[in-house]
Amino acid sequence: MSPDMDRIGVSFLNPLDDYELIHRIGCGTYGEVFKARNIRTSELAAIKIVKLDPGDDITSIQQEITMMKECKHKNIVAYFGSYHRYFMCFPQPQRS
């Protein structure tokens with residue numbers, strides 16, 4: 001277990017025990033984003049799956065996690081948590 005990941009609250013549980021991936025929304029520099037459903041609450045979320053290779057610098061990922069945890073604003077997507085497999089969980093915005 002990485003002390004840095006533990007310090008910022010990254011879970012080492014299996015994210016697929018909590019979320020069902022529905023379909024891919026898009027992809028970017030660090031990985032892919034999926035629409036997902038919380039298995040227990042049925043709440044929709046966006047799951048960011050970050051692809052890292054052994055030896056990759058995780059500083060930018062740690063900074064993103066820290067920043068998202070601290071952001072609390074109605075116009076910024078909420079942060080639900082992170083998993084060691086580098087899943088980052090956000091609520092799925094409701095469409096009007």
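The values are calculated or read from the model by the stated rules, or taken from the named source; none is laboratory data. Here the structure is a predicted model, which means the values were calculated and not measured. So basically every Cβ, Gly included, is an ideal-geometry build from the backbone, and we count neighbours across all protein chains shown.
Here are the numbers for this structure:
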| read-out | value |
| --- | --- |
| First in region 37-59 and within 27 Å of ILE22 (Cβ to Cβ), second anywhere and basic (Lys, Arg) and assigned to a loop (DSSP other than H, G, I, E, B), Cβ under 9 Å, 6 or more apart | ILE49/ARG85; VAL50/ARG85 |
| Failed condition for ASP6, given (1) assigned to a helix (DSSP H, G or I); (2) at pLDDT 90 or above; (3) among the charged types (D, E, K, R) | (2) |
| MET68 vs. criteria modelled with pLDDT under 85, outside any loop (DSSP other than H, G, I, E, B) and surrounded by 11 or more Cβ atoms within 10 Å (Cβ to Cβ) | no |
| Single condition ILE76 does not satisfy, out of (1) modelled with pLDDT of 80 or more; (2) surrounded by 14 or more Cβ atoms within 10 Å (Cβ to Cβ) | (2) |
| Subset of region 31-45 that is under 20 Å from ILE61 (Cα atoms) and out of contact with any Leu (no Cβ under 8 Å at 6 or more places or on another chain) - its residue that is surrounded by the fewest Cβ atoms within 10 Å (Cβ to Cβ) | GLU32 |
| Qualifying position, being part of a loop (DSSP other than H, G, I, E, B), over 18 Å from ILE76 (Cα atoms) and over 13 Å from the mean Cα position of the chain (by Cα), among ARG40, ARG24 | ARG40 |
| In region 12-30, the residues that are in contact (Cβ under 8 Å) with a residue 40 or more places away in the chain and touching a strand residue (DSSP E or B) at 6+ places or on another chain (Cβ under 6 Å) | PRO15, TYR19 |
